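Quick notes on the structure that follows.
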Amino acid sequence: MSSSGLRERKKQKTRWLIQEHALRLFTEQGYDATTVEQIAAAAEISPSTFFRYFATKEDVVLDDEYDPMLASAVAAAPVGMGPVDALRHAVRSTLGNLPDADRDKLLLRARLQNSVPAVRARLLDNLLGNIKLISAAVAPRTGRPEDDLEVQIMAGACFGAMLPAIFAWVDSNGTLDLAKIVDDSLTKVGKGFTP
């Protein structure tokens with residue numbers, strides 16, 4: 001294994017360790033009462049190291065491995081699938097078999113996104129980045145460039161459909177099948193809405 005590959009794995013491990021400590025502290029004492037300094041101390045790093053991994057405190061809630069996994073799964077979907085079906089395939093493969101610990105972590109993060117105004121505001125920036133990421137993944141299936149307006153509209157519509165499904169999952173306290181409700185929402189986008 002190359003040293004750059006090992007270095008990248010160590011960085012990712014540190015990143016998720018910081019997030020784990022942050023989520024624990026948010027649960028114990030609340031989001032607003034938790035400082036970056038407390039998160040850094042719990043993770044045994046300096047505050048400046050925290051900011052090398054996360055630009056803001058809100059980003060420690062929003063950043064995860066699922067968006068890149070989703071984009072990779074879209075790219076790996078069978079060749080004949082259209083863009084929305086490829087995204088549905090990706091959702092089923094990435095969210096369909098989440099271990100309980102990952103599901104619980106995702107639920108906690110989604111609750112914070114829904115309830116903390118600062119995190120919710122930062123979610124818009126994150127969403128715009130995700131639309132670009134998915135646009136790049138689905139563009140080859142459309143024969144258009146990733147910055148094509150219609151490709152971005154399609155990716156945006158998909159994320160627009162996924163958000164209410166995720167919030168319904170949060171409202172159910174995680175009892176709904178996340179992959180299924182997101183897949184059902186994307187099915188609506190793919191077929192169009194009928195009265």
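What follows draws every value from the coordinates through simple rules; no lab data is involved. Remember, it's a predicted structure, so these values are computed and weren't measured experimentally. Here Cβ is always computed from backbone atoms with ideal geometry, including for glycine, and neighbour counts include all displayed protein chains.
Under the membrane-span-like helix rule (DSSP H runs whose alpha carbons stretch at least 30 Å along the helix axis, mean Kyte-Doolittle hydropathy 0.5 or higher), the chain yields 149-171.
Each Lys and Arg adds +1 at its Cβ and each Asp and Glu adds -1 at its Cβ; summed about the Cα centre, the chain shows a dipole of about 300 debye. The smallest convex shape that holds all Cα atoms of the chain, its convex hull, gives 148 Å³ per residue.
Where in the stretch 34-75 is the amide nitrogen less than 19 Å from a point lying 7 Å along the Cα-to-Cβ axis of THR142? Residues 68, 70-75 qualify, since their backbone N sits under 19 Å from the label point. Computed over the chain, the per-residue total of -39500 (n - 2.57) for DSSP H runs of n ≥ 4 gives a 222 nm mean residue ellipticity of -25000 deg cm²/dmol, rounded to 500.
Comparing Cα centroids, the stretch 123-195 and the stretch 81-115 end up 11 angstrom apart. Just want the answer: with Cβ charges of +1 for Lys and Arg and -1 for Asp and Glu, which residue in GLY192, VAL138, GLN152 is farthest toward the dipole's positive end in the chain? It is VAL138, whose Cα lies furthest towards the positive end.
Roughly how large, in nm² to one decimal, is the mean projection of the convex hull of the alpha-carbon atoms in the stretch 3-55? Each step should come with its number before you reach the end.
On the way: hull surface 14.3 nm².
Dividing the Cα hull surface by four gives the mean projection, 3.6 nm².
Say the cut-off is 29 Å between C-alpha atoms; which of LYS10/LYS132; LYS10/LYS180; LYS132/LYS191; LYS11/LYS105; LYS11/LYS132; LYS132/LYS180 go over it? In this structure, LYS10/LYS180 exceed 29 Å between Cα atoms. The mean sequence separation of alpha-carbon pairs under 8 Å and at least six residues apart, normalised by the residue count of the chain, gives a relative contact order of 20 percent.
Based on the Stokes-Einstein relation at 37 °C and a viscosity of 0.692 mPa s, and on the Kirkwood radius from alpha carbon pairs, the stretch 134-195 is assigned a translational diffusion coefficient of 261 µm²/s. The simple Förster model, with R0 at 35 Å and r as the Cβ-Cβ distance, assigns ALA121 and MET81 a FRET efficiency of 0.50.
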